[in-house]
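Derivation of every value follows stated rules applied to the coordinates shown; laboratory data play no part. These numbers were taken from a predicted model, which means no experiment stands behind them. Positions of Cβ are backbone-derived with ideal geometry, glycine not excepted, and every protein chain shown enters the neighbour counts.
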Amino acid sequence: MAQLSIVSGSVGLITLQNPPVNALSAAVRQGIVDTVEKALSDPKVKSVVIRGQNGVFCGGADIKEFGTKMTGPHLIPMIHAIEAGNKPMVAAIEGSALGGGLELALGCHYRVAHSKARLGLPEVTLGLLPAAAGSQRLPRLIGVPAALNLITTGRHVTAAEALQLGIVDQVTDHDTVDTAVKFALNVAGQSLDARRISTFPCPRPAELDALFEDAMQKVRKSARGAIAPVACVQAVRAAATLPYAEGLERERELMATLFNSGQARALQYCFFAQRAVGRWSTPSGARWDTSKPVPVPKAAVIGLGTMGRGIAVALAQTGLSVVAVETQEKQMMEAKQAVSGMLERGAKRRGVAPVSDKISYSGNIRAVADVDLVIEAVFEDMAVKEKLFQQLSAICKPGALLCTNTSALDVDHLASQTRNPELVVGMHFFAPAHVMKLLEVVYGRRSSTQAVATAMQLGKKMGKVSVAVGNCRGFVGNRMLKPYIEQAFYLLEEGATPELVDRALEEFGFSMGVFRMSDLSGLDVGWRVRKGDGLVEPGLASGPSARVRQGRRYSPLGDLLCEQGRFGQKTGRGWYQYEKPGGRVARSDPWLHSFLEGYRARHGLVARRIDHEEVLERCLYALINEGFHILEDGIAAGPEDIDVIYVFGYGWPRHRGGPMFYAGMVGLAKVLERLEHYHQAHPDVPHLQPCSLLRRLVASGSPPIHKWREVIRKLHSHL
């Protein structure tokens, strides 16, 4: 709804009312139409201020209306009526003006923003473009290059940047509505001919064609197959080259193509899935998020390697007091310098003061005695972690939560080393921990709901997307990653090259394929894990039984490279070659190709032609199949949990929704058929044998993804 009142004698104050963000629902749009018409026809009203209730101007369109039959007034004619009005319209922007909210503000003749407000056109992140004339008005107001940047990225700008760009006319630290009312009083009666943005000529920079060609190349490269950024460039080009009415029609045509696309559905699914995982539950449907979190004013991080440093920074930036413990003096000195630099860069980026004073350092583990929560980030070795948890259980105060940053080890076993296993949970961060958005919160058999709720809440405070998952080897993300990487190795054995596999995955939308990512993270990381699992022994990688381990097919290719000292970028050689150790540009390596040929010859393998389709089906469907096993095992409560983990933690292209959503888009029956085909061809690869849950879903008619939880719940109720 929208409500009209008259303030200061002659200013019509229109208040948008649709908590929490005053989204432009049908009722709100109707309210705006009615109140604007009333204000324009009231002789007492000389100017109008539009504001939002509860300190938020407008968060944009009501996304819940997408996919339903639209009712109520359309946004474009509503905004045109505001712009065409004969009384000054002033937008009082508090909190945020995003998407349709900013387009509404651009339809006003003036814009006043609070200094803490944020503005933007984020439609591209939902697979759309700003289609209420945003793609046509913004370039006319701030120029083509700046508009392209905002519209194709969807980034939010501060009020200060908005003022600099010319989006707003005034920024205030005081009461925004009061300032806007005074502004409206001052401009009452003035001519509005020069204030209607739709009448502005669009600034045409020199070399316009070259500018758009360059913009399109950059967008295609960064979008990695996403179509919305490309459409955004096309819409802005229409603003720069066509009259307003024709540009608006082009905007409408582009939006119509995007609105019903699979990519838009995938991106909007991601939007809602990200919010759904915060309302976590057990696979049986029991809600755990009603448990009250424990306050955590003081936390500790033990181990200041790469992960520990990032975790300490993430905690300090939330305002917590942090005790950072490192027993190795050299590591401590390096960590202090690194953490200080990370905090300074983060503060500069956010425009705030560094919080270095929030972190105290100690070489003695007893320094954690009075903290409320401990996160250990020591070496990924069970014996090391066992000893540490025994010490923490004796040192920490009663009720302190003990959290492990392990990426794969048994949380239940670590809990068994303590006096209070209900206080132990996993907090699996992703590197770099102060940047990456994902946090897997791992609950064990005896973890209390309050402990899990506290870890989830802390993750949220750190700006993480927290997903609660059950305890198993690798949890969700790394457990699914294993068959994905295995298939990539098997494809090399059968005739593919690292370049072919990576190219197929990158064209699908990943920023890096399997082998480029392996070179970046270091081949020795996985080698250490395989050694710990008993899969690597001296001489085994090149012996007669090299391709069979623990009774199943195994590829020793990664082990053989590590034995050659080829650890990836850090050594200048891995699956690719680099100009020097630490180099970033991957180049094809003739040695590697010869090595693969020799490997195949030694093991009697005949290379065959492998195409991109086989690469995608084998790598992605094996990963998806493991996702179904995870749902079947109750490690994840629903497909949204898996998809959010893969989008935010593993680089799955957002415009494809996540692996489980993608399976539904491809068709569950097709995924099942292709898995059966590949398992028949490779019966020694268990990960290609279709999961019984996948079979069950196909047998029940391949229900849409939002219905899967019902099938999963019934499955668990019968176990």
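Some notes on this structure:
- Counting neighbouring Cβ atoms within 10 Å and putting the fewest first, the residues His687, His174 line up as His174, His687.
- Region 342-388 - Rg and Dmax from Cα coordinates, angstrom: 15.1, 43
- At q = 0.23, 0.27, 0.29, 0.32 Å⁻¹, base-10 log of I(q)/I(0) for region 101-147 (Debye sum, equal scatterers on each alpha carbon): -0.93, -1.17, -1.24, -1.30
- Cα convex hull, region 2-259: 114 Å³ per residue, rounded to a whole number.
- Counting neighbouring Cβ atoms within 10 Å and putting the fewest first, the residues Ile635, Ile645 line up as Ile635, Ile645.
- Kirkwood radius, region 613-717, all distinct C-alpha pairs, inverse of mean reciprocal distance: 13.7 Å.
- Relative contact order, percent, region 60-190 [alpha-carbon distance under 8 Å, six or more residues apart]: 27 percent
- Extending 7 Å from the Cα toward the beta-carbon at both Gln3 and Lys348 defines two label points whose distance is 4.7 nm.
- When the convex hull of its Cα atoms is viewed from all sides, the chain shows a mean projected area of 33.8 nm².
- Globularity index of region 298-475, i.e. its alpha-carbon radius of gyration over 2.2 N^0.38 Å: 0.95
- From the Kirkwood radius over Cα pairs of region 546-628, Stokes-Einstein at 10 °C and 1.306 mPa s returns a whole-number translational diffusion coefficient of 106 µm²/s.
- When you work out D = kT/(6 pi eta Rh) for region 235-373 at 25 °C and 0.890 mPa s, using the Kirkwood radius from C-alpha pairs as Rh and the Stokes-Einstein form, the result is 125 µm²/s.
- Exposure proxy ranking, count of Cβ atoms within 10 Å, fewest first, for His679, His434: His679, His434
- Only beta bridges with both residues in the chain are counted; by DSSP, about 30 percent of them are antiparallel.
- Short-range pairs are left out: with C-alpha atoms under 8 Å and at least six residues apart, the relative contact order of the chain is 9 percent.
- Above-threshold pairs, the threshold being 21 Å between Cα atoms, out of Lys87/Lys182; Lys385/Lys460; Lys336/Lys358; Lys298/Lys330: Lys385/Lys460; Lys298/Lys330
- Estimated purely from DSSP H runs of n ≥ 4, each contributing -39500 (n - 2.57), the mean residue ellipticity at 222 nm for the chain is -14500 deg cm²/dmol once divided by its residues.
- A Förster radius of 30 Å combined with the Cβ-Cβ distance from Val606 to Gln550 puts the calculated FRET efficiency at roughly 0.70.
- Debye intensity ratio in log₁₀ form over the Cα atoms of region 496-602, taken at each q of 0.20, 0.21, 0.22 Å⁻¹: -1.11, -1.19, -1.26
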